[in-house]
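Shown below is the structure under consideration.
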Amino acid sequence: MTPPSIEYLLNILKKNYPQVFLNNELDLGKLIQIFEYENQNKSGLVWNGKVAAKNQAYLPSNSKLILNEEKSLDSESSENIFIEGDNLDALKLLQKHYSERIKAIYIDPPYNTGSESFVYSDKFTNQKSSQKLNQKNPNSFEALHGNWLSMMYPRLILGRMLLRQDGIIFVSIDDHELANLKLMMDEVFGEENYIEIFSWVKSETPANLSRKSKKVTEYVLCYQKQKNKTKFKGIKKNSPSSNGLLNQSNAVNILTFPKNKVSTKITDGIIPKGDYGTDKYSVKLLEDTEVKNGYFTKEVILQAKFKWTQSKLDQEIKNGTLIQIPTIKLSPSYEKLAYDEEVPPNLINHKVGVDTNETASKELREMLGGKIFDFPKPPSLIKYLFGFSDDPEGIYLDFFAGSGATAQAVLEMNLKDQGQRKYICIQLPEEIKPNLEAFTKGFRKISEITFKRLSLLHSKLSVLNSEINAGFKYFELKD
Ligand SMILES: C[S@@+](CC[C@H](N)C(=O)[O-])C[C@H]1O[C@@H](n2cnc3c(N)ncnc32)[C@H](O)[C@@H]1O
């Protein structure tokens, strides 16, 4: 193997330690200081093999991506990409064209549950080799988690390099590796860029597998490449409802409601200044006002504990928000014409339009004609997450693609708003065991399942809307 060139190594340093370059010159002293600091600072996640795993990210790849014309669909016009191969090499090869170009990553890696019955391998424990090394402790941290951590670490480092500055990553996980993944992501993405551990309700009918608790949720860890001040968008409130403008915890304030803008049910006549309100909320009318035909025809100047400032009130009236002072208690309320998307709650369930594993499995069974894939994620989950900080022209990446749920999510987002989002999905050609239904239905590798779903989506969506580019370039990773 030829050693990596100096230029290649300098580029890697620049991406990871930009602070040690001044006018494009490497400050070696500064770099050594940082390495010394990192070596002393061993309080984070540590396991045998961590250094080797990190190096994996920086060694150049010996593989190539070869376009498979036969399996590609509308490949000339499409920028969607499917890569059949190991994501470690694929992520390295993507650096050349996609470095800092990916808007969002969603991954759903194997959780290291130890199960050997899934269509994909989910057992990363290494108790046998640990027994050889350390007879007494086959359940050591290394034996249970080391392989999984070494698998994830370089892939997350490479994934981060692909993200745009306003990029975002979501990682699905359950409690087998949640704690370790959090520490690893704090290290790779920076604790300061941590956003949330979302809890996703994966099941409405959880199995009774434990004597201690029924597992209803899983987690989605979220980090931004560079945490910014932009608000995340959840869902829009769709039924307009009336909200009170008074709030006990706010300070007393004066608001002037303009004439002929505020509706009411009070009968026509003059309303003299004075004290109104309820036992709970005191409201003072500072000047006489008048009601005619269901509207206040004079300004209403009120003193009370309001949620809004004068400028917010003026802006809302400009936006068409309906303001009412319905009764003689003079307690104002408002009803917005259109609500902004709310910041998403950290519980993800049907209330925000997201399905469960059960629904996703049922839909995939119908699509592929059998129980072909274990625990697929619902596209509604991925659409919802991508919607937090979306770019209708962005590139969306999933490097543990499985059955291809992320590709479906991206295409459905485009179908909804005529966007031009592109997907890149990577899936290992992992062999399928002969005892599984997927095998009896003719699938030999998991990448064949992904390919089947992408092809079906292509035919379905092209019929629904010819503007949607549901084609893809099919690449194979070859040594
Ligand atoms: C939990 S599944 C993902 C399921 C997917 N989110 C879905 O809804 O269908 C994890 C997938 O990652 C794949 N995988 C595991 N190691 C991989 C690797 N090194 N490169 C690419 N894919 C890999 C497995 O074959 C499996 O299909």
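The values are calculated or read from the model by the stated rules, or taken from the named source; none is laboratory data. Because the structure is a prediction, the values reported are computed rather than measured. Positions of Cβ are generated from backbone atoms using ideal geometry, with glycine treated the same way; all protein chains shown enter the neighbour counts. The accessibility values were calculated without ligands, DNA or RNA, using every heavy atom of the protein model including side chains. Shrake-Rupley method; radii C 1.70, N 1.55, O 1.52, S 1.80 Å.
Kindly establish whether Leu415 is within 16 Å of the ligand (Cβ to nearest atom) and of a type outside the set (Phe, Trp, Tyr).
No.
Of (1) more than 30 Å from Asn62 (Cβ to Cβ); (2) open to solvent by less than 60 Å² (accessible area, probe 1.4 Å), Pro429 satisfies all except one. Which?
With (1) more than 30 Å from Asn62 (Cβ to Cβ); (2) open to solvent by less than 60 Å² (accessible area, probe 1.4 Å) applied to Pro429, the lone miss is (1).
Let me ask something else about it. Looking at region 204-238, which of its residues are under 19 Å from the mean Cα position of the chain (by Cα) and closer than 17 Å to Ile173 by Cβ?
Thr217, Glu218, Tyr219, Val220, Leu221, Cys222, Tyr223, listed by residue number.
Can you tell me which residue in region 60-73 is farthest from Gly146 (Cα to Cα), limited to those that are surrounded by 14 or more Cβ atoms within 10 Å (Cβ to Cβ) and out of contact with any Phe, Trp or Tyr (no Cβ under 8 Å at 6 or more places or on another chain)?
Among those that are surrounded by 14 or more Cβ atoms within 10 Å (Cβ to Cβ) and out of contact with any Phe, Trp or Tyr (no Cβ under 8 Å at 6 or more places or on another chain), it is Ser63.
Let me ask something additional. Would you confirm whether any residue within region 198-218 is of a type in the set (Val, Ile, Thr), touching a residue at least 60 places away in the same chain (Cβ under 8 Å) and closer than 25 Å to Lys14 by Cα?
no
Follow-up. Scan region 316-336 residue by residue and report those that are open to solvent by less than 60 Å² (accessible area, probe 1.4 Å) and β-branched (Val, Ile, Thr).
Answer for region 316-336, where residues must be open to solvent by less than 60 Å² (accessible area, probe 1.4 Å) and β-branched (Val, Ile, Thr): Ile317, Thr321, Ile323, Ile325.
Going residue by residue through region 225-245, is there one that turns out to be modelled with pLDDT of 95 or more and part of a strand (DSSP E or B)?
no
Next up: Looking only at region 389-403, count every residue that is open to solvent by 20 Å² or more (accessible area, probe 1.4 Å) and without any contact (Cβ under 8 Å) to a residue 60 or more places away in the chain and tell me the total.
Number of matching residues: 2.
Conditions (1) assigned to a loop (DSSP other than H, G, I, E, B); (2) over 13 Å from Ile328 (Cα atoms); (3) assigned by TED's automatic domain parsing to the domain that holds Gln324, marked per residue:
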residue	(1), (2), (3)
Gln248	yes, yes, yes
Leu255	no, yes, yes
Asn260	yes, yes, yes
Ile266	yes, no, yes
Tyr276	no, no, yes
Lys284	no, no, yes
Glu290	no, no, yes
Lys298	yes, yes, yes
Ile301	no, yes, yes
